[in-house]
Amino acid sequence: MLLNSNLNKIARKELNLFFSSPIAYLFLGVFVAITLFVFFWGESFFARNIADVRPMFEWMPVLLILLSAALTMRMWSEERRSGTLEHVITLPVNPWQFVLGKFAACKTLLVIALALTLPLPITVSLMANLDWGPVISAYIATILLGSSYLAIGLFVSSRSDNQIVSLIITVLVCGVFYMLGSPTITGLFGNEGGELLRAFGSGSRFESITRGVIDIRDLVYYLSITIIFLTLNRYTLEKDRWASDGDKAHHTRWKLYAGLIIVNAIVANVWLAPLGKLRIDTTEGKIFSINDATRNYLAQLQEPLLIRGYFSAKTHPLLAPLVPEVQDLLKEYQAEAKGNIRIEFIDPAKNAEAEEEAGSKYGIRPTPFRVADRYQAAVVNSYFNLLIQYGDEYKVLSFSDLIEVKSGSTTDIEVKLRNPEYDITNAIKQVLYAYQSGGNLFTSIQDNIQFTGYISKPKRLPESLAKFVPDLQQTLLATQTESENKFSFDIIDPDANGGIVATQIQEDFGFQPMASSLFDTNTFYFYLVLSNGDLNIQIPLPDDLSKEGFERTLEAGLKRFASGFTKTIGLVAPQVNPYAAQMGQPVGASFQVLQQSLSENMTVKNTDISSGKVPEDIDLLAIMSPENLSPKAVFAIDQFLMQGGTVVIASSPFQATFSQQGLNASRITSGLEPWLAHHGITLEPKFVLDTQSTAFPVPVNRQVGMFTVQEMAMVDYPYFVEVREQGLNADNPVTANTPEITIPWASPISINADKNAQRTVEEWIKSSPSSWLSDDMAIGPDTGENGLSKFNPGEAKGEQVLAAMVSGSFNSYYTDKESPLLAKEEAKTETTEENDETDKPEEVISSIIKHSSESAKIIVLASNSFAEDRITGVMSSMQGNQYAAPFQLLASTAEWSLEDQGLLSIRARSHFNRTLPPQSIESRQFWEFVNYGLVLFGLLIIYLARLTINARKQAHYRAILAKPTEQ
């Protein structure tokens, strides 16, 4: 108790001395002012467009050096200079109380300085949805980092009687600790040497903390530095008390005690170094922790999987800190896999044989990087690759697959790992599934599968189908033998027993009698269905009616029940003429980047549905920017939906084109309007405009005297609706995991509630309440004399639905119509009669499935340009990195629709960075002034509190002095 009392008195004395001088307020004010300047201007907070305070904490290891040196420089130096140190060390008070008392005073000042920066995160939270977990953890870690600097400063101050010398030496010593882990120093060594130096660097230890990951080893490191230098401080004071002829044994014991404390602090760090799991992920969604989906894929490993990292010792300085991050993550994978993952790290420059194998067998080549310093510029050929191999299947992740580069200017470049867990887990999934697909398909199917063929008697079948039946039966028997009792089949004649089965399958599946031509009165049944009790999938007939063709369609159907196979997306997109631009023709919409993005973890096939059929191996059909689809194409889409499939449509009644000459819009017909209306979905022929929009570079005309000048300018463009968290459906994992997205030239979606009363309807994406509608084709910006956009908002119409999903059982659009496939046969028959030809017309076997199973889904995105290459390219140029929101949304849609939500949950973890809403210049200045004003207000509060405390003390002293007089 006495110890605490003396310690508190010493701390209060130091605080009183500190605040008795205006310099105290100057130190605190300058520290916070520099922090605010770095945050708003040095790191261009508003230009970063991310709602976090990470830039502030990234500078803390440097800013705290200056603050700690200023706070500690006089603590012992002034005692030594004024001659009071001898008095202090000879008092009958434990010197530890003086050391800890001064340390507590400095730490209190540090906490006050950090408290003055709290308006920053509060401001950000008012502007956007701030993740407070990393902020709170970073403040805690900052206090520990500052404590280590304060301990260093106190020790240095105890060795000098000059405050300026103490300040300079403290900055130098703390600077050495910071520089040890900086790229400037670590770049001079290889990966191993650089990683060792980063373990000693106070700044490098702080990097993971700025991301929201508290590594217990980092906190122990800061505590160890604090303990070591406080011990040295205490030892210094003790040594000053010794006489030259004093007790040598006492001196030796003190040296031993101090040495043991220091050694134990060092040993604690060495002991904890290999323990990589001592981390606390404070981010929302735990985005830096191994996901349950990853554990699920690792649990499927039946034999060791190899992950080999090819990392060059000499690499670009911005890449070097990322190597240990990847290595630490891979070690987490190894620990979770329980012996089924083997990790290797190789520097190909030091192993010629490994470099030869990497190049010849896996196609791994070094990437050239330009490295420059103040003396020279050079090109470094560096490896930054991962090889994931399972059996004879492998996947290589290159530099471009793992790294995200964001450039704010020609000199301001941020390099970071994109989403390493997603990339690595996705690669593991691909090689795992590819390996499994080479074995027995039924090893990946958990349920028993029943095949039912609803087939009429051979005499009622067309000749081609009658010949096909034996091949079908042979294939089914072979499949049953290979299935290990997981597959059974049954052939049923629907017309038997009075047609009871025919009536039942019409009610359950919408199966109607087939015909081989429009005028053929001989009808029959030939439907093939796979079922596991919960899911029913119709197997389409192969086009060539061959045994091999049926084997392929049967395998494709069985894979729908398997958990270990890559799904296939059929992409229906406009065909682009590569020579259109050269011929002066409009360049059509292109979706190549979308296809490449989806191909990362799915099979994407350009699909032609003009024949009226969707290939049998397609799991999901994506229709992008459709225009004038033929009746056969619409029929193919309809019957794919009736088979229980998922149809994603990105369409709008308008097609917008932009060029150097301006922006233009035109009305188009997709061919799907009647089909969508039949299912209760309407795309209204109007544009949705929103005050919550994305700036866009558009050509604007500016009048300069007698001339009109056309320039590209960034303008607020309400046709580019920016949808943020409030407009995204939080109940669906697809949109709940999307941070924000821009929908260009969108149209409102109307859902007929009566037609969809028995189905599930979800409104995925909606505009803001301030949006309005327009049918004006003049979509170019209305600019003033200064060339800036001056769009006048129209009458607000409230939130507009821009994307929606309808699922459940659908009735076919062709229920009461003839099949378009048979219409072709009718035309051929008429032509044959006119020409008196005797050739037999081509046999066309067609049927209409009249209603779907409950698994069918229609997903509509009301924009033709939603994921179009030119739009995403422009958006990427504006943001300084790849604009991937449309691709991620469609990939998440596919994963969710096909019940492959493992990667979806991992993908979402890259989206927890909050996007900052657009801010006007006036708004930016307002928030900056608010923060500076709050700092001044905080300093004023401290000053007034100081005056109040002094006034109370003086009143108390006067009362004590007045008591004898009164008596």
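The values are calculated or read from the model by the stated rules, or taken from the named source; none is laboratory data. The structure displayed is predicted, hence computed values, not measured ones. Positions of Cβ are generated from backbone atoms using ideal geometry, with glycine treated the same way; all protein chains shown enter the neighbour counts. For the accessible areas, the whole protein counts, side chains as well, though only heavy atoms, and no ligand, DNA or RNA atoms are used. Shrake-Rupley method; radii C 1.70, N 1.55, O 1.52, S 1.80 Å.
Leaving ligands, DNA and RNA out of it, rank 254, 675 by accessible area with a 1.4 Å probe, largest first.
Numbers: 254 45, 675 0 Å².
Heavy-atom accessible area, descending, gives 254, 675.
From most to least packed by mean Cβ count within 10 Å, the peptides 803-815, 107-119 give 803-815, 107-119.
Of the solvent-accessible surface of the range 458-538, computed with a 1.4 Å probe over protein heavy atoms with every protein chain present, carbon and sulfur atoms account for 48 percent.
Heavy-atom surface analysis with a 1.4 Å probe gives the range 1-137 a carbon and sulfur content of 69 percent of its accessible area.
As a calculated quantity, the FRET efficiency between residue 740 and residue 547 at R0 = 60 Å, using C-beta atoms, amounts to about 0.70.
3J(HN,Hα) couplings calculated from phi for the range 316-333 with the Karplus curve 6.51 cos²θ - 1.76 cosθ + 1.60 (θ = phi - 60°) are, in sequence order, 5, x, 6, 8, 3, x, 7, 4, x, 5, 5, 5, 5, 5, 5, 5, 5, 4 Hz; Gly and Pro show x.
Among 125, 651, the sequence by solvent-accessible area, most first, with a 1.4 Å probe is 125, 651. Can you give me the solvent accessible area of residue 961 with a 1.4 Å probe, rounded to the nearest 10 Å²? The accessible area comes out at roughly 130 Å². The heavy atoms of residue 627 present about 100 square angstrom of accessible area, all protein chains included, probe 1.4 Å. Each peptide in 126-136, 312-322 receives the mean, over its residues, of other Cβ atoms within 10 Å, and ordering these scores from highest gives 312-322, 126-136.
With θ taken as phi - 60° and the Karplus curve 6.51 cos²θ - 1.76 cosθ + 1.60 applied, the whole-hertz 3J(HN,Hα) list for the range 763-769 is 8, 7, 10, 9, 6, 7, x Hz, x standing for glycine and proline.
Surface exposure of the range 451-517, expressed per residue as accessible area with a 1.4 Å probe, stands at 51 Å².
Protein heavy-atom accessible surface, 1.4 Å probe, per residue over the range 181-330: 47 Å².
Remark on residue 345: its backbone amide H falls under 5 Å from those of 309, a criterion applied only to residues 5 or more positions apart or on other chains, H modelled at 1.01 Å from N. Near the amide H of residue 848, within less than 5 Å, lie the amide hydrogens of 512, all on another chain or at least 5 residues away, with H placed in the peptide plane.
Per-residue 3J(HN,Hα) values for the range 38-46, derived from phi via the Karplus relation 6.51 cos²θ - 1.76 cosθ + 1.60 with θ = phi - 60°, read 4, 5, 7, 10, x, 9, 6, 3, 5 Hz in sequence order (x marks Gly and Pro). Taking amide hydrogens as placed 1.01 Å from N in the peptide plane, the amide H of residue 487 sits under 5 Å from those of 449, each at least 5 positions away in sequence or on another chain.
Residue 361 exposes around 110 Å² of accessible area when a 1.4 Å probe is run over every protein chain in place. Highest-first packing order for the peptide set 323-329, 522-528 is 522-528, 323-329, based on the mean count of other beta carbon atoms within 10 Å. Accessible surface calculations at 1.4 Å, restricted to protein heavy atoms, place the range 611-695 at 32 Å² per residue.
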